[in-house]
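Take a look at the structure set out below.
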Amino acid sequence: MPDSQSDQILRQEFNRWADAGKGETMEHDHWPITKPALELIQITPEDNILDAGCGAGWLSRILAQRAPQGRVIGMDISDEMVRHARQKSLDYDNLVFVVGGVNEIPWEPNFFQRVISIESSYYWPDPARGIREIYRVLAEGGSAWILINYYRDNPDCHQWAEKLEVPVHLLSAEEWKKMFRDARFSEVAHKLIPDPTPTPAVYTGRWFRDAAQLRAFREMGALLIHGSKPAP
C-alpha cells in the first residue's frame, strides 16, 4: 500500500533528524523516564517485543539484551533512522529493524508479548488506527506500553507544537486510554513518571521558556499508558 502524505512528511523530517545525529541523542534525553517504565513492563527473557518508533535503535538494543531468547523488532517510519540502527546493532542476533509505521505494521498478527513506544505516538498520523494495529500484532495476554512527554495534562509542553516541523496530537491521558479501550484492550491504565534529571540554573534551549518551566515539566513527568490484550 503506498505511503500516505502524512507518512512521507514524517519520513522526510525524521530522515533529516537522522542525518543531524539526533537519533544518537535520544538515549540521553529519554533514558531517565524510560528506565522506570521498563521496570513496570517486566520483560521476560523469552518475550517477542516490538519497539514502535525505534529511532536509531537505542532502546531496541536494551530490549534485545533483556530478552535474549526472544525476538526484538525495531520499527521506524524513517529509513535513515533504520539504517543508523542497523549499523549500530550488528552484534545482536535477536534484533531486526524494519521500515514502517503503526498505521500498517509490517508484521503478522498475535506475535508480540510486548509492544513499546517511547516518545513516538503523538507523531502518528492516526493514533486510534495505530493502537488498533498494535492490538492486532500483540499475542493474547500481551501488553502495549506508550510513553510520551507531550500530552495535554502537562501544560509546560504545549508550546512544542509551534516549534516542530510536523503535525502532532496533543491528547489527554483520558483520551489515550479511551483509544486503548476502543481498540479492545483491557486493564487500561496510566501513570506519570517524573524525570529526575537535574535542571540547570539557566536554560538556553528552544523548547522551554526558562529553567523554571523546564523544572515544572520534569516534575510532572511523562505519561505512560498501557493495556493488555485479553487471553481467551
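None of the figures in this text is laboratory data; all of them are computed from the coordinates on show. Owing to the predicted nature of the structure, the values given are computational and were not obtained by experimental measurement. Please note: Cβ atoms are built from the backbone with ideal geometry, for glycine as well, and neighbour counts cover all protein chains shown.
Data for the structure
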item: Dipole in debye (nearest 20) - the range 5-228, about Cα centre, beta carbon charges: Lys, Arg +1; Asp, Glu -1; result: 200 debye
item: Over the range 133-197: Kirkwood hydrodynamic radius from C-alpha pairwise inverse distances, Å; result: 13.7 Å
item: Top positive-direction residue, dipole computed over the chain with Cβ charges, set Pro45, Trp58, Pro155; result: Pro155
item: Debye, to nearest 20: dipole size of the range 150-232, +1 on Lys, Arg Cβ, -1 on Asp, Glu Cβ; result: 180 debye
item: Distance between the range 191-226 and the range 54-70 - C-alpha centres, whole angstrom; result: 26 Å
item: Antiparallel content of DSSP bridges confined to the range 84-232, in %, to 5; result: 65 percent
item: Length-normalised contact order for the range 109-232 - Cα pairs under 8 Å, 6+ apart - percent; result: 32 percent
item: Mean separation of Cα contacts under 8 Å, 6 or more apart, over the residue count of the chain: relative contact order %; result: 18 percent
item: Distance between the range 87-115 and the range 25-53 - C-alpha centres, whole angstrom; result: 14 Å
item: Rounded to whole Hz, the Karplus (6.51, -1.76, 1.60) HN-Hα couplings of the range 105-115, x for glycine and proline; result: 5, x, 8, 6, x, 6, 9, 9, 7, 9, 10
item: Once exposed loop trypsin sites (Lys or Arg not before Pro) are cut out (DSSP; at most 11 other Cβ, 10 Å), longest piece of the chain; result: 1-205
item: Helix-only [θ]222 nm of the chain, DSSP H runs n ≥ 4, -39500 (n - 2.57) each, per residue, nearest 500; result: -11000 deg cm²/dmol
item: In Hz, Karplus ³J(HN,Hα) per residue of the range 54-70 (6.51, -1.76, 1.60; θ = phi - 60°; x = Gly, Pro); result: 6, x, 7, x, 4, 6, 4, 5, 4, 5, 5, 5, 7, 10, x, 9, x
item: The range 89-142 shape via C-alpha gyration tensor axes, a/c threshold 1.5; result: oblate
item: Spatially close lysines, pair count over the chain: Cα under 19 Å, gap of eight or more or interchain; result: 8
item: Convex hull per residue volume in Å³, alpha carbons only, for the range 97-232; result: 117 Å³
item: Signed unit charges on C-beta, dipole axis of the chain, positive-most listed residue Tyr203, Val166, Gly100; result: Tyr203
